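Engineer: Have a look at the structure that comes next, please.
The values are calculated or read from the model by the stated rules, or taken from the named source; none is laboratory data. A quick note: this is a predicted structure, and the numbers were derived from the prediction, not measured. All Cβ positions, even for glycine, are placed from backbone atoms using ideal geometry, and neighbour counts span all protein chains on display. Side chains are part of the model used for accessible areas, which takes the heavy atoms of the whole protein and leaves out ligands, DNA and RNA. Shrake-Rupley method; radii C 1.70, N 1.55, O 1.52, S 1.80 Å.
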Amino acid sequence: MAAHADFVPAYTNSISHFGIGAARVTNYIIIYEKPDLNSKVIKRIYWNNIGNFISENNKNETPNDIFITFLPKDNIAFLSVEDEDEEWINVCYNQKKGLFGWIKKENGKNSAKFYLYKDLIFEYGKKYGLYTFRNLPADLKTLHSSPNSDSDKIDEFNYPKYISPWLIQGNWMLVKVITADNQTKTGWFRWRSDTGKLFLFVNFK
């Protein structure tokens with residue numbers, strides 16, 4: 001067992017596999033080879049809120065290799081998701097190596113909840129606020145009059161202190177931005193690329 005610090009993704013490339021969404025998981029995860037409780041167990045992962053972390057079959061694996069967000073003190077951990085059905089979620093359990101397995105949605109203490117990214121960002125963003133990734137190009141730090149790239153650019157921001165989502169339409173989000181100098185700006189922001197790469201995330205911290 002070893003201590004690991006909390007983390008949230010800081011750059012667009014902090015998440016190697018974006019997939020279709022994310023699964024919020026508990027502190028004991030069983031990952032199966034197939035969506036079947038009788039299939040081979042690939043891995044078990046456990047942690048607690050005082051920094052102890054165990055990744056079965058790979059003692060050198062860290063939470064950064066596995067999760068897209070990991071805040072054990074607040075019991076917040078998300079895995080990226082490749083696919084899902086009514087009972088199972090196909091997750092990426094190693095971002096660096098691109099390894100995948102299945103976890104059960106409802107399985108006692110080993111349960112998980114799936115979110116499309118738009119639902120995760122809107123639901124949790126309303127509570128915690130949002131932040132843009134540090135390597136977001138300057139031309140994307142703009143607010144538009146309507147949810148498309150051809151619409152007028154009505155404002156821009158360089159150092160947002162707080163971003164609150166109001167509405168999501170496709171890859172665009174109507175947001176209120178509070179800047180570092182406490183100006184409030186409102187407009188449509190492109191929160192995701194056409195290929196599914198996120199430009200922002202929930203500010204859990």
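Engineer: Considering only residues that are out of contact with any Pro (no Cβ under 7 Å at 6 or more places or on another chain) and among the polar types (S, T, N, Q), which ones fall in the stretch 168-205?
Structural biologist: N171, N182, Q183, T184, T186, S193, T195, N203, listed by residue number.
Engineer: Could you list, in sequence order, all residues of the stretch 1-51 that are in a loop (DSSP other than H, G, I, E, B), within 26 Å of G196 (Cα to Cα) and not charged (D, E, K, R)? Before you say what the answer is, go through the steps one by one.
Structural biologist: Looking only at the stretch 1-51, we keep the residues that are in a loop (DSSP other than H, G, I, E, B), and these are 1-6, 8-11, 15-18, 20, 26-27, 33-40, 48-51.
In the following step, the residues that additionally are within 26 Å of G196 (Cα to Cα) were identified as 6, 8-11, 15-18, 20, 26, 33-35.
Across the stretch 1-51, the qualifying residues are V8, P9, A10, Y11, I15, S16, H17, F18, I20, T26, P35.
Engineer: Across the stretch 155-168, which residue is nearest to D194 (Cα to Cα) among those that are of a type in the set (A, V, I, L, M, F, W, C) and at pLDDT 95 or above? Can you show your working first?
Structural biologist: As a first pass, look at the stretch 155-168 and keep what is of a type in the set (A, V, I, L, M, F, W, C): 157, 163, 166-168.
Okay, now just the ones that are also at pLDDT 95 or above, so 163, 166-168.
Working: I163: 22, W166: 21, L167: 18, I168: 15 Å.
The residue in question is I168.
Engineer: Does the stretch 124-154 hold any residues that are assigned to a strand (DSSP E or B) and either in contact with a helix residue (DSSP H, G or I) (Cβ under 6 Å, 6 or more places away or on another chain) or closer than 14 Å to S193 by Cα (or both), and which are they? So that I can check it myself, show each step before the final result.
Structural biologist: As a first pass, look at the stretch 124-154 and keep what is assigned to a strand (DSSP E or B): 130-132, 142-144, 153-154.
Across the stretch 124-154, the qualifying residue is only T132.
Engineer: A further question on this structure: Inside the stretch 174-183, can you point out the residues that are open to solvent by 60 Å² or more (accessible area, probe 1.4 Å) and at pLDDT below 95? I'd like the intermediate steps shown before the answer.
Structural biologist: Step one: list which residues in the stretch 174-183 are open to solvent by 60 Å² or more (accessible area, probe 1.4 Å), which gives 176, 180-183.
A180, D181, N182, Q183 - these are the residues of the stretch 174-183 that are open to solvent by 60 Å² or more (accessible area, probe 1.4 Å) and at pLDDT below 95.
Engineer: If you don't mind, there's one more thing I want to ask. Can you tell which of I42, I50, I20 is open to solvent by 60 Å² or more (accessible area, probe 1.4 Å), β-branched (V, I, T) and either touching an Asp or Glu at 6+ places or on another chain (Cβ under 6 Å) or over 20 Å from L120 (Cα atoms) (or both)?
Structural biologist: Working: I42 fails: open to solvent by 60 Å² or more (accessible area, probe 1.4 Å); I20 fails: either touching an Asp or Glu at 6+ places or on another chain (Cβ under 6 Å) or over 20 Å from L120 (Cα atoms) (or both).
Answer to the check: I50.
Engineer: May I ask you to list pairs of residues, at least six apart or on different chains, whose Cβ atoms are under 8 Å apart, with the first in the stretch 148-175 being of a type in the set (F, W, Y) and the second being assigned to a loop (DSSP other than H, G, I, E, B) and surrounded by fewer than 13 Cβ atoms within 10 Å (Cβ to Cβ)?
Structural biologist: What qualifies is Y159/A180.
Engineer: Here's something else I'd like to know. Identify, from the list F78, F114, F100, the residue that is in a strand (DSSP E or B), farther than 18 Å from K34 by Cα and modelled with pLDDT of 95 or more.
Structural biologist: Within the list F78, F114, F100, the selection yields F78.
Engineer: I need the full set of residues from the stretch 178-194 which are in contact (Cβ under 8 Å) with a residue 40 or more places away in the chain and in a loop (DSSP other than H, G, I, E, B), in order please. Spell out the reasoning first.
Structural biologist: Within the stretch 178-194, the subset in contact (Cβ under 8 Å) with a residue 40 or more places away in the chain is 185-192.
If the condition is that a residue be in contact (Cβ under 8 Å) with a residue 40 or more places away in the chain and in a loop (DSSP other than H, G, I, E, B), then W191 is the only one that fits.
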